[in-house]
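The values are calculated or read from the model by the stated rules, or taken from the named source; none is laboratory data. Every value quoted in this text rests on a predicted model; they were computed, and no experiment measured them. Note that we place each Cβ from the backbone using ideal geometry, even for glycine, and neighbour counts take in every protein chain shown. With ligands, DNA and RNA removed, areas are computed over all heavy atoms of the protein, side chains included. Shrake-Rupley method; radii C 1.70, N 1.55, O 1.52, S 1.80 Å.
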Amino acid sequence: MIQRRNIQWVVVILGFIASQVESLRFDLQSGLTKCIAEDIKSHAMTVGKYHIVNPNEGYPLPDTHKVTVRVTSTYGNTYHQGDNVVEGHFAFEAAEAGDYMTCFFAADHKPPVTLSLDFDWRTGVAAKDWTSVAKKGSVEIMEFELKKMLENVKAIHDEMFFLREREAEMQELNRSTNSKMAWMTGLSIFLCLGVAGLQLWHLKTFFEKKKLI
């Protein structure tokens, strides 16, 4: 059972890592804000780059096609901000675990315009520039691939421990909730019995006064 669970974790983690390599293209209407969240672990490296797609390729980008970008942590700390830009990038090591938010805002225009943006956000192993590593280290192709595989294994190992910690937290929460529910159930039964006893006592007193018993 434990081996099967570990295999499921590995599948989930591999899918998680693979999903972080893909870039995203989306539309943003002027006057609106669109935010994208990413769950990042503490001390994990994350990089991102974005640019506005030119609707008229071969011509200058219109002045209306600019955005304000802000990257914040769960606790509201700002890690990147770009005002009225057409492109940009960010890179930082997460100081705290949680959902990090990248928000894109397009200034209002009359008539309204729709902007298309390409956004590439990578964390963990996917955030590392392996081409640069290969050039700097002057390594052979096989050694380069082994390094990359080792980093993937480390990421999977860390993710498995992270999931185990989450599972332990959930089990502790379930135990605490069950304990509280049992205590509340016992208290409810006690109160019901107490109310029923008071009602019987009241009825007995009433009938004695009326000399019915």
(message) Residue under question is E151, and the condition is that it be of a type in the set (D, E), assigned to a helix (DSSP H, G or I) and open to solvent by 80 Å² or more (accessible area, probe 1.4 Å); does it hold?
(response) no
Going through region 48-65 in order, the residues found to be in a loop (DSSP other than H, G, I, E, B), surrounded by fewer than 17 Cβ atoms within 10 Å (Cβ to Cβ) and either at pLDDT 95 or above or not aliphatic (A, V, I, L, M) (or both) are N54, P55, N56, E57, G58, Y59, P60, P62, D63, T64
**Message:** Being farther than 30 Å from A155 by Cα, at pLDDT 90 or above and among the hydroxyl-bearing types (S, T, Y): is that true of T33 here?
**Reply:** yes
Considering residues that are closer than 17 Å to T123 by Cβ and in a strand (DSSP E or B), the number found within region 28-47 is 9
Y79 being closer than 30 Å to E159 by Cα, assigned to a loop (DSSP other than H, G, I, E, B) and in contact with a strand residue (DSSP E or B) (Cβ under 8 Å, 6 or more places away or on another chain) | no
Looking across region 96-118 at residues that are under 17 Å from the mean Cα position of the chain (by Cα) and either open to solvent by less than 20 Å² (accessible area, probe 1.4 Å) or under 14 Å from V47 (Cα atoms) (or both), the single one that is modelled with the lowest pLDDT is G98
